[in-house]
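Okay, structure first, notes after.
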């Protein structure tokens, strides 16, 4: 990947070809390396290098974006000319805003240490070594193990004709392990995620997947209904993500979301959730760093969205901020949900009767206005009796909302980073929640 100096110089050079009113250029580079395994053995090793230049040209409210992977002078000039040509033929955007200039020095970008050189340098041999450690517990237990170890090194550079120039590089590593029993009736899955591969304990993940697979074999049916549930952290995020992606000031103030109240008012400032709930973002968190600017180059900062059950603020786009006279509030790139110090097992011990859930999958939104979602449990679902996992049960379909998690929480465990789709960093705890609704039972494993 190009250094910050070289990448910035490259894009600034392309700005010289601007003939229209505004021009923005973004360079995204990355190296993804991965090792896939199945049937207790490595199946593939791969490495993909990417380089993408996107150019947005705009004049008099008309704009267009083109992208390519050429970074030579002629290639960049061609992208600029193409973007300006398409912009001239585009309709006027009534919500057009010119590109951002650099922020005031006192409001500049946070220093975020999201790049780990050792993770970026990990080779195929080191990945195979980690995979073998993850597989070993399954082999010892007579199980079948499969999964995926991947590492990313990325860099993004953004410059524009308003004088903005910003850069960030980052790394990420993840290891997923899924173990199955020989008869196919039991399945256990765990995932480790960090910006540092050294933080991921492959042996511990492999053992946890093996233990879960053995415990979940030969499941029995459980009648659907409302239950007290103990959700592992991954299951919490699988449902909470619907809430996060529903947060938006514009839809709330236009009366189009759960966050809306009558006469254009919103729930901001009201106590809506359990007092144990505090939700925040922090790009510069030392253990779980995330992006320091958004797609437009806006600086990202630490934000408290919910504090002790009270909704404090909602994301607000630049255009909606200009329309309403309120401050801009970029969407979160990291999510931290408060928790305690107890393990998932300790939370189970608090429940006399209920259901323990490893994760949800095939999750879909049913009613955006009420944030009602549906999906299925997977890779280990258990009946709880007397504070213990009494038996494995068949997977259940839920019809419920993340609001249930935020309003009916009984106890919170130790937060941990979980698997997400996209680039959001999510650190959430396991939870005990009352009155969670399961609609039906499923024979799927």
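Odds and ends about this structure:
- Number of positions in segment 203-219 that are touching a strand residue (DSSP E or B) at 6+ places or on another chain (Cβ under 6 Å) and in contact (Cβ under 8 Å) with a residue 40 or more places away in the chain: 8
- Filter result for the condition that a residue is out of contact with any helix residue (DSSP H, G or I) (no Cβ under 8 Å at 6 or more places or on another chain), touching a residue at least 60 places away in the same chain (Cβ under 8 Å) and assigned to a helix (DSSP H, G or I), over 226, 238: 238
- One residue stands out among those in segment 411-436 that are surrounded by fewer than 17 Cβ atoms within 10 Å (Cβ to Cβ) and over 17 Å from the mean Cα position of the chain (by Cα): the one that is farthest from residue 194 (Cα to Cα), which is 435.
- Checked against (1) in contact (Cβ under 8 Å) with a residue 40 or more places away in the chain; (2) under 17 Å from residue 241 (Cα atoms); (3) within 19 Å of the chain's Cα centre (by Cα), residue 330 meets all criteria but (1).
- Selection of segment 398-410 for residues being in a strand (DSSP E or B) and surrounded by fewer than 18 Cβ atoms within 10 Å (Cβ to Cβ) yields 399, 410.
- Residue match in segment 256-272 (condition: surrounded by 19 or more Cβ atoms within 10 Å (Cβ to Cβ), within 22 Å of residue 425 (Cβ to Cβ) and touching a helix residue (DSSP H, G or I) at 6+ places or on another chain (Cβ under 8 Å)): no
- Subset of segment 174-190 (residues that are within 24 Å of the chain's Cα centre (by Cα) and surrounded by fewer than 21 Cβ atoms within 10 Å (Cβ to Cβ)): 174, 176
- Meets criteria (modelled with pLDDT of 95 or more, assigned to a strand (DSSP E or B) and either more than 22 Å from the chain's Cα centre (by Cα) or closer than 27 Å to residue 193 by Cα (or both)) for residue 305: yes
- Residue satisfying all of: in segment 147-170; farther than 19 Å from residue 27 by Cα and crowded, with 21+ Cβ neighbours inside 10 Å; nearest to the chain's Cα centre (by Cα) among these: 151
The values are calculated or read from the model by the stated rules, or taken from the named source; none is laboratory data. The model shown is predicted, which means the values in this text are computed figures rather than measured ones. For neighbour counting, all protein chains shown are included, and Cβ atoms are generated from backbone atoms with ideal geometry for every residue, glycine included.
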